[in-house]
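Derivation of every value follows stated rules applied to the coordinates shown; laboratory data play no part. Quick caveat, the model's predicted, so the values are computed rather than measured. Neighbour counts are summed over all protein chains in view; Cβ atoms, including those assigned to glycine, are modelled from backbone coordinates with ideal geometry.
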Amino acid sequence: MIVESLMNRIFARRLPTAVAILCLGTCWGCGTSEYETRMKETIAETRKDSPFSMHLDPAVVPLGSTPVRIQFPNDWNAKLLADDVDAKRRELPMDGTPLVGVQQVYEGFILLGEAIEGKEQAKSPYYCYLAVNDTTAGRIKDAAIALRSRLRKQFSADKTTTLDPFAIGTPTGQSLQWSKASSTGPQPFYYVDAAGKGQYRDETGLIELYCYTKDKYQIVICWRLPENLRSKINIDRWSKLMAGSVVFPE
């Protein structure tokens, strides 16, 4: 509902702009120089109102040592986890190597109560794993399919969805066909209590993955969080923004 409401507001703001562009097209005889100036101003205003310009951090971040780059939402609080952080926080909770090509792991927290100035609150975690694979190298050609297969074994087939097509828009107006799947099952999560002490708790968790392949590179955006917090985290909007911002090498 949040995404739908946001898109409706953006459409309402951009509809007059689109009409203005059409009107400009009928005014060619009014003077080429004036027309071009007004057209550029109108297009610039349209881009300014797009979800990407309004809700993405302008920094373009390389994913590890790969040539693939991405941008992040400007309203999430996740932090990049260092390599020496406990593996139970850095890795997906499965036997073996559940997601190949992981370049970065981010950890964020959601307050479990209302924020009170000057007072610590208990927090629940969420994780974002970003993986990039060269499909022409190594024995795993599709990391997303391999991950889904492992999730089916870990959490059972009825708890794991198929990899379904998922349309993603881009800042240039393109529509890319990503794939999306999810799975639920018991997992350990690193909670932080009001005293700032961290501890692991086992609960039903959600793993949600988005993947896309262009030329020889495949990117996987994978989320992990307690299932009961799904509605409190903007994963739908964040996923669309991040996936739409991905830049592959030419």
Checklist entry - If you wrap the stretch 142-250's Cα atoms in a convex hull and average its projection over all directions, what's the area in nm²? => result 8.5 nm²
Checklist outcome for this item: When Arg69, Arg201, Arg237 are arranged by how many other beta-carbons sit within 10 Å of their Cβ, fewest first, they go Arg201, Arg69, Arg237
Next on the checklist: Going through the cross-link list Lys123/Lys240; Lys88/Lys180; Lys141/Lys214; Lys88/Lys123; Lys88/Lys197, which pairs have a Cα-Cα distance over 22 Å in this structure?
Outcome noted: Lys123/Lys240; Lys88/Lys180
Item to check | Descending Cα extents along the principal axes, the stretch 54-245, whole Å | outcome: 50, 40, 31
Checklist entry - Tell me, Thr160, Thr135 in order of fewest to most beta-carbon neighbours within 10 Å? => result Thr135, Thr160
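Which order do the peptides 239-249, 186-196 take when ranked by the mean count of other beta-carbon atoms within 10 Å per residue, highest first? The partial results should precede the final answer.
Details: 239-249: 19.8, 186-196: 14.8.
In decreasing order of mean packing, 239-249, 186-196 become 239-249, 186-196.
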Item to check | Alpha-carbon Rg/Rh ratio, for the stretch 96-209, with Rh computed the Kirkwood way | outcome: 1.05
Checklist entry - Across the stretch 142-151, in residue order, what do the Karplus-derived ³J(HN,Hα) couplings come to in whole Hz, using 6.51 cos²θ - 1.76 cosθ + 1.60 with θ = phi - 60° and x for Gly and Pro? => result 9, 5, 5, 5, 5, 5, 4, 4, 6, 5
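Do any GluC sites (Glu not before Pro) in the stretch 107-200 lie in a DSSP loop with no more than 11 other beta carbon atoms within 10 Å, and if so, which? Display every interim value, and only then the final one.
Working: sites: Glu107, Glu114, Glu117, Glu120; in loops: Glu114, Glu117, Glu120.
Counting only loop positions with at most 11 other Cβ atoms within 10 Å, the GluC sites (Glu not before Pro) in the stretch 107-200 are Glu114, Glu117.
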Item to check | Least to most buried among Thr184, Thr161 (fewest other Cβ within 10 Å first) | outcome: Thr161, Thr184
